[in-house]
Amino acid sequence: MEKFTTLEGVAAPMRIINVDTDRIIPKQYLKTIKRTGLGTGLFSEMRYNDDGSEKPDFVLNQPAYRHARILVVGDNFGCGSSREHAPWALADFGIRCLISTSFADIFFNNCAKNGILAIIVSPEDLEKLFQDAERGANATLTIDLAAQTIKGPDGGTLHFDIDEGRKHNLLNGLDEIGLTLERAPAIADFEAKLAQREWA
């Protein structure tokens with residue numbers, strides 16, 4: 001998993017509440033177990049017309065936001081089913097950070113397991129970030145995970161809280177397998193001691 005240290009990029013605003021995982025990646029894309037290739041299906045029902053053409057009003061189809069790395073989103077983002085394809089699709093599109101006042105629990109955890117930093121801020125701070133994001137491609141945000149800060153285009157800085165374990169894993173690029181491998185010496189030592197007990 002790619003490490004998350006600092007990220008500077010365009011933030012796309014999505015002032016929509018209760019965006020569920022079926023809207024993030026609709027069910028017809030769930031046939032694959034690969035983590036790649038899902039970016040084209042991200043928000044497909046909002047991004048495309050029935051004939052496959054793009055809907056020009058959708059934020060990620062607008063020139064300023066086509067290469068957004070950050071999404072500023074409404075309350076309760078990622079609700080609905082627990083499909084891990086949702087963060088896979090976000091990551092494959094290039095989204096590395098989500099900012100909202102709240103996320104659905106399973107989605108929130110799935111993001112961290114896939115290298116996406118989901119940040120929870122106050123409603124007041126979210127409104128400031130929406131206003132920054134709505135300024136377009138010239139207004140980038142800088143996310144510093146180690147310092148737990150979000151710097152706006154005018155230099156203003158917001159602080160965010162994060163669980164220490166989640167922070168450690170993201171900074172070091174550790175998913176659950178990587179975290180287990182990090183503890184391999186302790187696991188081997190435990191197994192050796194267990195084997196000695198069994199033969200005693």
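The values are calculated or read from the model by the stated rules, or taken from the named source; none is laboratory data. Note that the structure is a prediction, hence the values are computed from the model and not measured. Positions of Cβ are generated from backbone atoms using ideal geometry, with glycine treated the same way; all protein chains shown enter the neighbour counts. Ligands, DNA and RNA are stripped out before the accessible areas are found, and what is left, the full protein with its side chains, is counted by its heavy atoms. Shrake-Rupley method; radii C 1.70, N 1.55, O 1.52, S 1.80 Å.
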Going through segment 110-138 in order, the residues found to be open to solvent by less than 40 Å² (accessible area, probe 1.4 Å), out of contact with any strand residue (DSSP E or B) (no Cβ under 6 Å at 6 or more places or on another chain) and under 22 Å from residue 37 (Cα atoms) are 110, 112, 114, 115, 116
Would you call residue 107 assigned to a helix (DSSP H, G or I), in contact with a Cys (Cβ under 8 Å, 6 or more places away or on another chain) and either surrounded by fewer than 16 Cβ atoms within 10 Å (Cβ to Cβ) or modelled with pLDDT of 95 or more (or both)? yes
Those residues of segment 47-94 that are crowded, with 21+ Cβ neighbours inside 10 Å, over 19 Å from residue 140 (Cα atoms) and in contact with a strand residue (DSSP E or B) (Cβ under 8 Å, 6 or more places away or on another chain) come to a total of 2
In the set 140, 149, the lone residue that is among the polar types (S, T, N, Q), at negative phi and in contact with a Pro (Cβ under 7 Å, 6 or more places away or on another chain) is 140
Within segment 78-99, the count of residues that are touching a residue at least 60 places away in the same chain (Cβ under 8 Å), not small (Gly, Ala, Ser) and not in a loop (DSSP other than H, G, I, E, B) comes to 6
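Residue-wise test of (1) within 16 Å of the chain's Cα centre (by Cα); (2) over 17 Å from residue 112 (Cβ atoms); (3) in contact (Cβ under 8 Å) with a residue 60 or more places away in the chain; (4) open to solvent by 70 Å² or more (accessible area, probe 1.4 Å).
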| residue | (1), (2), (3), (4) |
| --- | --- |
| 140 | no, yes, yes, no |
| 151 | no, yes, no, yes |
| 156 | no, yes, no, no |
| 162 | yes, no, no, no |
| 166 | yes, no, no, no |
| 171 | yes, no, yes, no |
| 174 | yes, no, yes, no |
